[in-house]
Structure formats: structure tokens, C-alpha cells
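Enquirer: Quick one: structure below, then a few questions.
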Amino acid sequence: MDRLPTGFALGLCQQNKSIVKNALRNELNSVPYSHIQRRRYPMTDYSFDVPFSRDGTHAEKHERYRALKAIPMWVADTDFQSPGCVADALQARVKHGAFGYTHPYDSVNHATLAWLKTHYDWDVDASALVWLPGVVPAFNVASAAFTQPGNGIAVQTPNYPPLRSVAPRHGCEPRYIETVLESGRWTLDLVGLEQHFQQDDCSLFILCNPMNPCGTRLTEAELRHISQLAQAHGVQICSDEIHCDLLLNDEVPHLPMGKLDPNAITLMAASKTFNIAGLSCSFAVIPNPDIRKRFVTASEGWMSQPNLLGLVATEAAFTDGQDWLDRQMAYLRSNLEYLQAFMPRLPGVTLQAPEATFLAWLDCTATGLQHPFQHFLDHGVALSDGTPFGERQFVRLNFGCSRAQLAEALLRMETALNAR
Ligand SMILES: Cc1ncc(COP(=O)(O)O)c(C=O)c1O
């Protein structure tokens, strides 16, 4: 072997040393969440009441109507800063500096299973978890797995627009289950649901519970009934439970469909709960191995992995985010009370108090407005238009914001109604 000139050898030696040093530093930077330098949580330095600016962050919610100077009260993300544990975990991971393909790992599974056990008393095996880049992709995978073109897909209406449009996207027929008002609470028309399930070609029901936009959390009796009907008629249930951690009335815990019915596919995420939806990460719980295999097979070749930073954030939030969540829920409850107290100043608008979510589904039929969304927008409040949800006479108001923002939006709505 040729001898290297001494100077070069020395240089190499030094280079090696710095390579080793860097490697050590990287090792330190890529330590698991449980080993990162964590601050003490609970952290009480964050106040939900202080308006939190998202300017300059390209937040979809704030940019869409910026030119109109309308207060953004629409898309379902909150204007709260995520828990400190999430930012700390992300910063520790970002320091490492390499962000290649990353598959879900034991500690994020562990944190998720612990969350399901603590919150829902649900014992789930790690093998039942399937990680995905979002809940919308997940219910599309379920549609690909459990329908043939021409089949019926049952979905409630009004509903989150991507749920209303899932059937045509898969060459299927939407079978709309009406939402009915019973004793001041929106619930599903279970008679209509049975009629749809009875049709031979109805192979899938994509439930949305808690409901977006109505805010209802279905009871155990309702869920049992749905599950029995699905079993009797051979309908696969896929339950979108993205809002399940956001109970405004927590006297009775949320019941995951998959806990009741192990053949169900249950879709969840930390995204709405902790305001991390931009990090593209969700999970399906599919206890039945045959159903899971069919779901996973249908996802192969076109569905990407969850975002690695989403996994990091989910683990941190599920591990250390409880105190933040408790305080967020207290704040959301007080915002809802404020909104309810304001309702008499919005003549013609009615609200059935949501049991979950940070969304208020406002019936504007009695205002006589042709298109309530446009009227409020013209007066400086950007709500969600009820039309793509299936109800043109409704608007959806997102009260996941500071009280000051909510109060200003309500004042503008009052002015808008007085200006009819
Ligand atoms: C019921 C429901 N499902 C799914 C989503 C979006 O899920 P993801 O961003 O994980 O695709 C939303 C967002 O508003 C929603 O309300």
C-alpha cells in the first residue's frame, strides 16, 4: 500500500476525529423522546386567552380571506399554540438534521396505546395500529379496500365535505343518512341508516363521530345499534373519530367504535386535539387481522408514510400534553358559554350546543338570508359555508380562538344581521 505523506495522514486523522465528534453529537441529537431534555410539564406560561399571531406562517385559515380583512372563523384548526412538549420534541429532532423516510417506531406506538388505554380504557395491541399521513387518506384507503365501483357508501349528512365526496371519488354511490334533531340534539336517522344498509350494494359506512359539523358525540346505545345493523347486513364500518379527544361535556367518555366492535376500522389522530394538523400524521386501529390486511394491501403503492415530524409531535403530545389539553378544553367550554350567551343577539340564528369539537353549527334559516355565509363574509366574518357540508342555510363557526377574536366576530355578525 502506498504510504501517505505525513501531513495528509495528520489531516485525515484530524478529519476522522471531527467525524467521530459529529457522529457523537448526532447521536446526542437523535436521542428518543424519553431522553431529550424536557422542561417541566405542566407549563403554565401559555395563556389561551392571549391572541396568538399566526401572521407570516402561511396559515391557510388566516390567508384565504386576508385581503377581505375578514376574521377567520372557518377551517377546523385552532388559533392556539401547540403544547410546549411538542415544540421541544420537534426542536430536538430537527437538530439532528436528517429527515429521510422514517417508519413508525416502538415509542410512538407505546405512547399511543397508553393514550387509548388512559382515555378510552381501550386495550389495543400494537399490531392493530396502522399509521397514515392523515385521516382523509385513511378513509379513502378504506373505500378502496371495501368497495367495488357501483357500490353504495353510507355517510351522514351534513358532513365534513371530503366525507360527502368520498363515494364518487371511488366510483360509488353516496347513501346519505340524514341527521335529525331530537330533544335539542343532532343525531343520526337510524331508520334511514337501516334502509341503506339493507341494500345489497351498500358495502361501507364511514361514520363521523364526534360529528363534524354538528358536534354530537354518539352514545353507547346508538353505536351498539349501528354496529348490530352493520353486522346483520355485512356493512364494513370505518369510523372517523378525529375529534374524539375534544369533549365539551366529558361526563361520559367517548366510546371508540373499535372498542365496541373489533371488526370496525377506527381513525384517530393527535392533530385536532393538539393543533398539529399541518404535520400530516394519523393512525387507524384495526384489531381484526383480515380486515387490517385488506386495508393495508389497498394502501400499498400509493399511500405515503406519515410525516416523521408528525410522529415525533404525536408521541410528545400523547406523553406530556394532558395538562395543556385540560386547559384548552376549559377554555373551549368557556368560549362555548360565551357564544351561547350571545345567541339572543343573533336573531334568526339557532345553535344546538355541540357535545364535542370546537365547532358550532349555526342554523340561519330563520334569518331569511339567501346565502348566510356570503352575507357574514361581506360584513367581515369568514365562517365555513354550510353548502359543501350539505346545508346552504347553515354556517359553521370555529370557536377555537381567543375570546377577544370570538367576541369581535360575534359583534360583526350582530351588525351583519342588523344590516339585513
Ligand atoms: C371529520 C374530519 N375528518 C378528517 C379531517 C382531516 O383529517 P386529516 O387532516 O388528518 O386528513 C377533518 C378536518 O377538519 C375532519 O373534521
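Enquirer: Determine Rg/Rh for the stretch 98-321; Rg is computed over alpha-carbon atoms and Rh is the Kirkwood hydrodynamic estimate from the same atoms.
Expert: Over the Cα atoms of the stretch 98-321, Rg/Rh equals 0.95.
Enquirer: Let me spell out the model: positive unit charges on the Cβ of Lys and Arg, negative unit charges on the Cβ of Asp and Glu, origin at the Cα centre of the stretch 98-321. What dipole size does that give, in debye rounded to 20?
Expert: Numbers: 12 positive and 23 negative charges, 94 e Å.
Value, rounded to 20: 460 debye.
Enquirer: Further, regarding this structure: Normalized C-alpha radius of gyration of the chain, against 2.2 N^0.38 Å?
Expert: Numbers: Rg = 24.1 Å, N = 420, 2.2 N^0.38 = 21.8 Å.
Normalised Cα radius of gyration, the chain: 1.10.
Enquirer: Which whole-number percentage describes the relative contact order of the stretch 98-321, with Cα contacts under 8 Å and a sequence gap of 6 or more?
Expert: On the way: 403 pairs, mean separation 59.9, N = 224.
RCO, the stretch 98-321: 27 percent.
Enquirer: Give me the one-decimal nm value for the distance between modelled label points at residue 305 and residue 251, 7 Å along each residue's Cα-to-Cβ direction.
Expert: 4.6 nm
Enquirer: Continuing with this model, one more query. Binned at 5 Å from 0, what are the whole-percent values of the Cα-Cα distance distribution for the stretch 130-237, short to long?
Expert: 2, 13, 24, 24, 21, 11, 3, 1
Enquirer: Let me ask something else about it. Quote the FRET efficiency, to the nearest 0.05, computed for residue 67 versus residue 38 with a Förster distance R0 of 35 Å and r equal to the Cβ-Cβ distance.
Expert: Details: r = 42 Å, r/R0 = 1.19.
According to the calculation, E is roughly 0.25.
Enquirer: Which order do peptides 406-419, 150-163 fall in by mean Cβ count within 10 Å, highest first?
Expert: Working: 406-419: 17.5, 150-163: 21.7.
With the highest mean Cβ count within 10 Å placed first, the list reads 150-163, 406-419.
Enquirer: Calculate the spin-label point distance for residue 110 paired with residue 333, positioning each point 7 Å from the Cα along the beta-carbon direction, and give it in nanometres.
Expert: Between residue 333 and residue 110, the label points sit 3.3 nm apart.
Enquirer: Next up: For the stretch 192-272, take N as its residue count and report Rg(C-alpha) divided by 2.2 N^0.38 Å. Could the numbers behind the result be given before it?
Expert: Working: Rg = 12.7 Å, N = 81, 2.2 N^0.38 = 11.7 Å.
The reported ratio for this selection is 1.09.
Coordinate-derived values only; no laboratory data. This one's a predicted model, so the numbers in the text were calculated from it and none came from an experiment. Heads up, the Cβs are rebuilt from the backbone with ideal geometry, glycines too, and the neighbour counts pull from every protein chain shown.
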